[in-house]
Amino acid sequence: MTTTGPHPPPYAETASPAPAHAPALASTASNPTLIEEQISQAEEISAQRDKKQLELDEERSQIKEVRLEIDEEYSLVEELYLWLKELHSGGSGQYPRLQKHYFELRNLYWKRQYKYDQRMLQFSQDKVQLSQLDCQHTKLELQLSLHYSRDWQ
């Protein structure tokens, strides 16, 4: 049987690294400080990531508490509104004065809701930073893994 292509190389030739890898292996072998720097960077980023995660967990629990308080305040303001509607339908002379207080309370609620929304925005931005740290850490781990796999070849 005839073949049109070249014969595959013997096993010994395929086990050696390809010529394209030779400069990478030489740079890894000749510059072990590069690997040490990457390990150090990965450890530093991991520590930053862990610290950021703890901060975000704390912030998340505080935000949940604030959300519960805001929801409770909102339900009280809505109860006041329903009570005011009853007063108004009953023809009470107290209605205009009480209505003013209702709108003041409603305004305070919206201000608090706005602060909450700002806090949630900051929390989301912090989550993005945490994701970026995760990406940096993963990239360094992949680079280190590549260096180690080249050294094993």
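What follows is calculated from the coordinates using simple rules that are stated; it is not laboratory data. Remember, it's a predicted structure, so these values are computed and weren't measured experimentally.
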query: Over 27 Å between Cα atoms, which of Lys64/Lys100; Lys64/Lys127; Lys64/Lys139; Lys51/Lys115 qualify?
result: Lys64/Lys100; Lys64/Lys139
- line: With x for Gly and Pro, the residue-by-residue ³J(HN,Hα) of segment 55-70, computed from phi through the Karplus equation 6.51 cos²θ - 1.76 cosθ + 1.60 at θ = phi - 60° and given in whole Hz, is 4, 5, 5, 4, 4, 4, 5, 5, 5, 4, 4, 4, 4, 4, 4, 5
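For segment 50-153, what ratio Rg/Rh do Cα atoms give with a Kirkwood hydrodynamic radius? The partial results should precede the final answer.
Working: Rg = 25.3 Å, Rh = 17.9 Å.
So for segment 50-153, dividing Rg by the Kirkwood Rh gives 1.41.
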message: Could you give each residue of segment 133-141 its phi-based ³J(HN,Hα) in whole Hz, using Karplus coefficients 6.51, -1.76, 1.60 with θ = phi - 60°, and x for Gly or Pro?
response: 4, 4, 5, 4, 5, 5, 4, 5, 5
